[in-house]
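> Let me give you the structure first, and then I'll get to my questions.
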Amino acid sequence: MRIFLAGSTGAIGRRLVPLLVGAGHHVTGSTRSAERAAALRLAGVNPVVLNAFDADGVQAALFDARPEVLIHQLTDLPQQFDPAKLAAALARNARVRIEGTRNLIGAARAAGVRRFIARASPSLMPRAPSRTRNPTRSTPARVPRASRRRVWLRLRA
């Protein structure tokens, strides 16, 4: 199967690469840097240096790759956690998740990609107080069940 992995050098993408290649899929992977593109090539991936905010560039990459499936793993998260820079990092990541996703979906539709797989970003929400707990105590955060599911979207009706 021909797969385009957007964000192939990120936290999840770099773990998906050996699984997809090992399963015999033809993988085209996007990254933001030429240095990481070289590592992708060594891993058996056709690398594409790509800016997710460049809608025309995203579309050109998908037309060239001709994937059957697009897997969205784009993020913009720092390698090292720094509380002082957290707000800026979250804003950059939100922009990638909104604008980058919009560009990926638009390009996938234009290129005739039939499947789009995206990882849901789980958010931490406070658990509702139960009858058996003291409702005045703080309750642990949990990941909502709906956020843990994989999202499969059919791009054509």
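> Step by step: first the residues of the stretch 7-20, then only those that are at pLDDT 95 or above and surrounded by fewer than 17 Cβ atoms within 10 Å (Cβ to Cβ), then the one that is nearest to Val48 (Cα to Cα). Which residue is that?
Pro18
> While we're here: Please state which of the following conditions Ala107 fails to meet, knowing it meets all the rest: (1) among the aliphatic types (A, V, I, L, M); (2) surrounded by 15 or more Cβ atoms within 10 Å (Cβ to Cβ); (3) closer than 20 Å to Arg14 by Cα.
Ala107 satisfies all of (1) among the aliphatic types (A, V, I, L, M); (2) surrounded by 15 or more Cβ atoms within 10 Å (Cβ to Cβ); (3) closer than 20 Å to Arg14 by Cα except (3).
> Let me ask another. Of all residues in the stretch 60-77, count the ones that are among the β-branched types (Val, Ile, Thr) and modelled with pLDDT under 95.
Residues of the stretch 60-77 among the β-branched types (Val, Ile, Thr): 69, 71, 75.
Those still in the list that are modelled with pLDDT under 95 too: 75.
Within the stretch 60-77, residues that are among the β-branched types (Val, Ile, Thr) and modelled with pLDDT under 95 number 1.
> On to the next question. If you take the residues of the stretch 82-104 that are buried (at least 16 other Cβ atoms within 10 Å of the Cβ) and more than 16 Å from Gly10 (Cα to Cα), which of them is farthest from the chain's Cα centre (by Cα)?
Going through the qualifying residues, I end up with Asn103.
> Among the residues of the stretch 65-81 satisfying the criterion of being within 15 Å of the chain's Cα centre (by Cα) and among the polar types (S, T, N, Q), which is surrounded by the most Cβ atoms within 10 Å (Cβ to Cβ)?
Among them, the one singled out is Gln73.
> Can you pull out the residues in the stretch 21-49 that are surrounded by 15 or more Cβ atoms within 10 Å (Cβ to Cβ) and on the phi > 0 side of the Ramachandran plot? Spell out how you get there, then give the answer.
At the first step, the residues of the stretch 21-49 found to be surrounded by 15 or more Cβ atoms within 10 Å (Cβ to Cβ) are 21, 25-32, 36-37, 39-40, 43-49.
Gly44, the sole residue that qualifies.
The values are calculated or read from the model by the stated rules, or taken from the named source; none is laboratory data. As the structure is a prediction and not an experimental result, all values here were calculated from the model. Positions of Cβ are generated from backbone atoms using ideal geometry, with glycine treated the same way; all protein chains shown enter the neighbour counts.
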